[in-house]
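Accompanying notes for the structure given below.
A short reminder: the numbers here are calculations on the coordinates, not readings from a lab. Treat the numbers as computed from the prediction; the structure is a model and nothing was measured. Every residue, glycine among them, receives a Cβ derived from its backbone with ideal geometry; neighbour counts consider all protein chains shown.
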Amino acid sequence: MREAGLSPYPRPFPVVHEGRPVAEIDIAFPEVSYGVEIDGPPHLVPAQAAADRARNRRLGRLGWSIDRFTDEEVEGAPAAFVGHVEPHVAALGRAAAR
C-alpha cells in the first residue's frame, strides 16, 4: 500500500471511545476514519459474519467507514485491492478538507 502512496497507521489501529477500546482495525487511515478489515476463513462462519456486521455498525456510529476483504482477495489481487482502497482514502481526504 505504501508503494501506492497510501500511508495507513501501523497495524492494528485501536479505536477507543470514551476511554474504552471498541475495536482494532487491520488497516486504518485514522485521519479520514476509514478502515479495512482483512478476513480469513473464520469470518465466513455465519455467527462470526453477524458479529462482524455488528462491529461495522458500531464503528459506523463512531464515524468510521469500514470495508472488508477476504485474505484471498488481498493476496490474490493486491493491485485490485489497492485500486479499491486508494479512491476511498482520497475521497474521504477531500471531504475532510472541506
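Listed values, structure above:
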quantity: Qualifying residue in the range 36-46 (condition: over 15 Å from Ile66 (Cβ atoms) and in contact (Cβ under 8 Å) with a residue 40 or more places away in the chain); calculated: no
quantity: Selection within the range 29-42 - closer than 23 Å to Gly63 by Cα and either assigned to a helix (DSSP H, G or I) or not polar (S, T, N, Q) (or both); calculated: Phe29, Pro30, Glu31, Val32, Tyr34, Gly35, Val36, Glu37, Ile38, Asp39
quantity: Flag for Arg94 being of a type outside the set (Ser, Thr, Tyr), within 12 Å of the chain's Cα centre (by Cα) and assigned to a helix (DSSP H, G or I); calculated: no
quantity: Given (1) among the acidic types (Asp, Glu); (2) free of Cβ contacts under 8 Å to residues at least 40 places away in the same chain; (3) under 22 Å from Ala91 (Cα atoms), number of the condition Asp52 does not satisfy; calculated: (3)
quantity: Selection count, the range 71-81, where residues are over 13 Å from Glu37 (Cα atoms), in a helix (DSSP H, G or I) and not charged (D, E, K, R); calculated: 4
